[in-house]
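First the structure, in the form of structure tokens, and then the observations on it.
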Amino acid sequence: MKKTKKMLASLLLLTMVGTSLAGCGGGSSTETTSASAEETEAAAETGEDTAAETEEETSADMDALIKAAQEEGELVVYGSCEEPYVKAAAQNFEKLYGIKTTYQRLSTGEVEAKVKEENGNPSADVWFGGTTDPYNVAINDGILEPYEAMNAVHLKSEKYRDPDGYWYGIYTGYLGFMVNKEELDAEGLEAPMDWDDLIKPEYKGMIAYSNPGTAGTGKLIVNTMVQMKGEEAAMEYFKELDKNIQVYTKAGAGPSKMVGPGEILIAVGFLHDGVTQILDGYDNIELIAPASGTSYEIGATAIFKGAKHPNAAKLWIEYALSPDCVELGQTCGSYQFLVIDNAQDPECLADFPELQNAKLIDYDFEAAKNDTTRLVEEWNQTINADDRLETE
């Protein structure tokens, strides 16, 4: 609605200016200049009036949504980012709107399986956090509900939303490596600087990344290698990498938590999870953005189809697209880049050039949307990981 009215105002302005320019062939130049100035001023006033009217309507729409959500009185959230962030976001929503808000932290794979099994009668209303590859799978499975969010006007790019409104981005983060530099030095080993380094035999039993069957991070790693190498070469790569894997963790952030204590020496995951560990005191961790390029997640939020509290769910989406929500991440150990223009990125990210200078590939989200389920099945058939799958 807001974009439409702004476009109408702009078209009116262009039409009026174009009309005045078309009349420049007749009459005195003084008269033409005067008329053009008057018309331009009138168009500007019309634009200002339209913007003010749009703002008033948006405010009224938001007030109506808040009232309807408060009448429902309850909201249930499934969160797939780190639990402290899910908890903080849920508690703040309840504080702001007086709506009882409960949450459960589940991996993206667990959310997808649970809601799909509930078959149109979900036990939660909204999904919060976790990379978009599983969200796109959920669209194909018919378990998300589209909604055109008013606060989507603040997104920095159209890539940070589903075109049909099935999900909206709340943050972004880059894939990379986290290594225990002290332990690698003790082993006399150099840190891996690129994807192909990870399959070197000297890293046998030293690496962890997340299970694509349960974690969106793992799905993104599979899609990334397929997009960078091609499908057949990617599966051959995973066969070689498997020889060096100590554990496939259930959650995407799992490997990052094992590096500092030395449980593993190399983690593959999101670099912002490594930032969390470093700021928590593990200064033995080094962050590495792969030299040939890497992909990125868009952490998302969405409404489940059949949500029992649909208006509270819509209000959650508006809230998730506001500084009130996304700036909470940095207060509880989540240091992602933010994707709305009225929120501030965590200041600490400026201290990590590995993130600032990461070389990003042109990740094809549409291909991932269509291929993720099949590629994860192919990964499962390729890799015999049963004895190294983390279950808790």
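The values are calculated or read from the model by the stated rules, or taken from the named source; none is laboratory data. Bear in mind the structure is a predicted one, so any value in this text is a computation, not a measurement. A quick note on method: Cβ atoms are made from the backbone with ideal geometry, for glycine too, and the neighbour counts reach across all protein chains shown. Please note that ligands, DNA and RNA were not included when accessible areas were found on the heavy atoms of the full protein model with its side chains. Shrake-Rupley method; radii C 1.70, N 1.55, O 1.52, S 1.80 Å.
Annotations for the structure displayed:
- Degrees, to the nearest 10: 2-22 long Cα axis against longest axis of the chain: 50
- Summed over the residues of the chain and divided among them, the accessible surface reaches 45 Å² per residue at a probe radius of 1.4 Å.
- Nearest-0.05 FRET efficiency for ASP387 and GLU202, computed from C-beta distance (R0 22 Å): 0.50
- Alpha-carbon centroids, segment 346-392 and segment 272-328: separation in whole Å: 14
- Efficiency of FRET from Cβ geometry, SER157 and MET62, R₀ 22 Å, rounded to 0.05: 0.40
- Prolate/oblate/rounded call for the chain, Cα gyration tensor, a/c under 1.5 rounded: prolate
- Axis angle, to the nearest 10 degrees, between helix 310-320 and the longest C-alpha principal axis of the chain: 80 degrees.
- Apportionment of accessible area to carbon and sulfur, the chain, percent (1.4 Å): 48
- Each of the peptides 139-147, 340-348 was scored by the mean count of other Cβ atoms within 10 Å over its residues; in descending order, highest first, they stand as 139-147, 340-348.
- Loop-resident sites, segment 243-310, for trypsin sites (Lys or Arg not before Pro), counting at most 13 other Cβ within 10 Å (DSSP): LYS243
- Between 0 and 90 degrees, the angle of helix 83-97 with respect to the longest Cα principal axis of the chain falls at about 30 degrees.
- Estimated vicinal HN-Hα couplings, Hz - segment 373-389 in sequence order (Karplus 6.51, -1.76, 1.60; Gly, Pro = x): 4, 5, 5, 5, 4, 5, 4, 4, 6, 7, 10, 9, 10, 4, 7, 10, 8
- Nitroxide proxy distance, nm - points 7 Å out along Cα→Cβ at ILE361 and ALA191: 2.2
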